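Taking it in order: structure first as structure tokens, then the write-up.
The values are calculated or read from the model by the stated rules, or taken from the named source; none is laboratory data. Model, not experiment: these values are computed from the prediction. Cβ atoms come from the backbone with ideal geometry, glycine included; neighbour counts cover every protein chain shown.
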Amino acid sequence: MSRFQTLTPSQLSRDEFVAAFADIYEHSPWVAEKAYDLGLDASVDEIEALHQRMADILLSAEHAAQLALINAHPDLAGKAAIRGELTEASTSEQAGAGIHECTAEEFQRFTELNDAYKAKFAFPFIMAVKGSNRHQILAAFEERIHNSREAEFLRALAEINKIALFRLQTL
């Protein structure tokens, strides 16, 4: 088990806790609020334990809340990235995967795939890109676009939980 380096969650007030963890799940502070409301003890000072609590909250949420969280995520290499409108975490994650180094043709392919994916599934393609490069991301896009909506919905939730773990590990 790993401990947080910059804070001790069990010692935070509700406002401090929510402020610290509000964007672990993209623009969805309700996950942090519910995690706090379950009660805090020393176990939440371990990254993996807090992550499991938050992941369980997402997976047990109503479908509409899950869909809203999925839709809160930006397109990979999308217009928001180009305009510099991503959250700090999303900007860092996409840059770490080299998305900012895409050629004009690669950006065009991302745009085509983003559009086709959203037309088919009615939500954005989600992938925890840490440890991947833009070529691996495009390959995953090309493969996953053939899945069913249900499979991609569940995959999006799993990817969001991976993203959350990566974000928790930076604290």
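Taking the conditions (1) modelled with pLDDT under 90; (2) under 22 Å from MET54 (Cα atoms); (3) among the small types (Gly, Ala, Ser) in turn, GLY98 satisfies each one other than (2).
Exactly one residue out of ILE126, ILE137 is under 19 Å from the mean Cα position of the chain (by Cα) and touching a residue at least 60 places away in the same chain (Cβ under 8 Å): that is ILE137.
When region 142-171 is filtered for residues that are surrounded by 14 or more Cβ atoms within 10 Å (Cβ to Cβ) and not in a helix (DSSP H, G or I), the ones remaining, listed by number, are ILE145, ASN147, GLN169, LEU171.
I need the full set of residues from region 128-141 which are touching a Lys or Arg at 6+ places or on another chain (Cβ under 9 Å) and either surrounded by fewer than 14 Cβ atoms within 10 Å (Cβ to Cβ) or farther than 13 Å from LEU113 by Cα (or both), in order please. Correct list: ALA128, LYS130.
Does region 60-73 contain any residue that is buried (at least 20 other Cβ atoms within 10 Å of the Cβ), within 30 Å of ALA104 (Cα to Cα) and at pLDDT 95 or above? Taking every residue of region 60-73 in turn, at least one turns out to be buried (at least 20 other Cβ atoms within 10 Å of the Cβ), within 30 Å of ALA104 (Cα to Cα) and at pLDDT 95 or above.
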